[in-house]
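Okay, structure first, notes after.
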Amino acid sequence: MERLRTQAVHTDFSRDNILVDGAEKKIVGILDFGDLVRAPLANDLAIAAYQLWDLADPLESAAAIVAGYHEVDELLESEVALLYDLMLMRIVSRIIISEWRADRFPENRDYILRNRSQAWTEFDFLREVSRDHVTERMMQACATGKP
């Protein structure tokens, strides 16, 4: 990890924090910079890839995000190779932190746990596919520019 390229990363790209022009189908703004840190740029990509995916075909939408990023800022093979693990770690962190926060703030439990079911669905999906399969799809997206 320490050899990866770093930059300021948002760490919370989600449907709630990205403004999209529906007609143009492009991102026009980003909100909520409260979790901004310096970290490997692959972290932001992994967070966006899992949080913005379409659950009907998660790998296709994740690959589209990776291909789009790669088109603007060419990803290193080592960065793409870590995406599966980074996505899985983020989902696990999201589940654990949400549960901890819900216990700590029971008055906000429903709000804090509002995405728990989706997080477990994402976790189960990633555990059912292999790291090699996900990495191959992301590498292919970088090579072809298509999911």
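Between residue 60 and residue 1, what is the FRET efficiency for a Förster distance of 25 Å, r being their Cβ-Cβ separation, to the nearest 0.05?
Values: r = 27 Å, r/R0 = 1.09.
It comes to 0.35.
May I ask you to rank 117, 130 by accessible area, largest first, using a 1.4 Å probe over the protein chains only?
On the way: 117 85, 130 60 Å².
Accessible-area ranking of 117, 130, largest first: 117, 130.
I want the local charge near residue 36. Using Cβ-Cβ distances under 14 Å, sum +1 for each Lys or Arg and -1 for each Asp or Glu among the other residues. Intermediate values should be presented prior to the final figure.
Numbers: positive: 38; negative: 12, 32, 35, 44.
Result for the neighbourhood of residue 36: -3.
Name the residue, out of 66, 80, 92, whose mean-square fluctuation peaks in a Gaussian network model built on the chain with Cα pairs under 10 Å.
It is 92.
Give the ranking of 15, 116 by solvent-accessible surface, highest area first, calculated with a 1.4 Å probe. Walk me through the numbers before you get to the answer.
On the way: 15 150, 116 95 Å².
The residues order as 15, 116, largest area first.
Using Cα springs under 10 Å in a Gaussian network model of the chain, which residue among 23, 46, 81 shows the largest mean-square fluctuation?
23
Which distance in nm do the two modelled labels at residue 114 and residue 146 give, with both placed 7 Å along the Cα-to-Cβ direction?
Once both label points are built, they end up 3.8 nm from each other.
At a probe radius of 1.4 Å, what is the per-residue accessible area of residue 1, in Å² to the nearest 10?
Spelled out: residue 1, probe radius 1.4 Å, area about 110 Å².
Put one equal scatterer on each alpha carbon of the chain, apply the Debye formula with no solvent term, and list log10 I(q)/I(0) at q = 0.10, 0.12, 0.18, 0.21 1/Å to two decimals.
Log10 of I(q)/I(0), two decimals: -0.35, -0.51, -1.14, -1.48.
Counting only the heavy atoms of the protein chains, how much of residue 111 is accessible to a 1.4 Å probe, in Å² to the nearest 10?
140
Among the complete DSSP H segments of the chain, which ones combine at least 27 Å of alpha-carbon extent along their axis with a mean Kyte-Doolittle hydropathy of -1.0 or more? Before the final figure, lay out each step's value.
Working: long enough: 83-104 (31 Å, 0.31).
Sorted by number, the helices that extend far enough and score high enough are 83-104.
When the helix-only estimate is applied to the chain (DSSP H runs of n ≥ 4, each -39,500 (n - 2.57), divided by the residue count), what is the mean residue ellipticity at 222 nm, nearest 500 deg cm²/dmol? Walk me through the intermediate numbers first.
Values: 7 runs with 84 residues, N = 147.
Value at 222 nm, helices only, nearest 500: -17500 deg cm²/dmol.
Sorted by accessible area (1.4 Å probe), largest first, how do 20, 129 line up? Before the final figure, lay out the partial values.
Details: 20 90, 129 30 Å².
Highest to lowest solvent-accessible surface, that is 20, 129.
Please list, by residue number, everything in the range 1-31 whose backbone N is under 12 Å from a paramagnetic label point 7 Å out along Cα→Cβ of residue 37.
Once the point is set 7 Å along Cα→Cβ of residue 37, 9-12 turn out to lie under 12 Å by backbone N, inside the range 1-31.
The values are calculated or read from the model by the stated rules, or taken from the named source; none is laboratory data. Bear in mind the structure is a predicted one, so any value in this text is a computation, not a measurement. Glycine also receives a Cβ, built like all others from the backbone with ideal geometry; neighbour counts cover every protein chain displayed. Remember, those area values only see protein heavy atoms, side chains included, never the ligands or the DNA or RNA. Shrake-Rupley method; radii C 1.70, N 1.55, O 1.52, S 1.80 Å.
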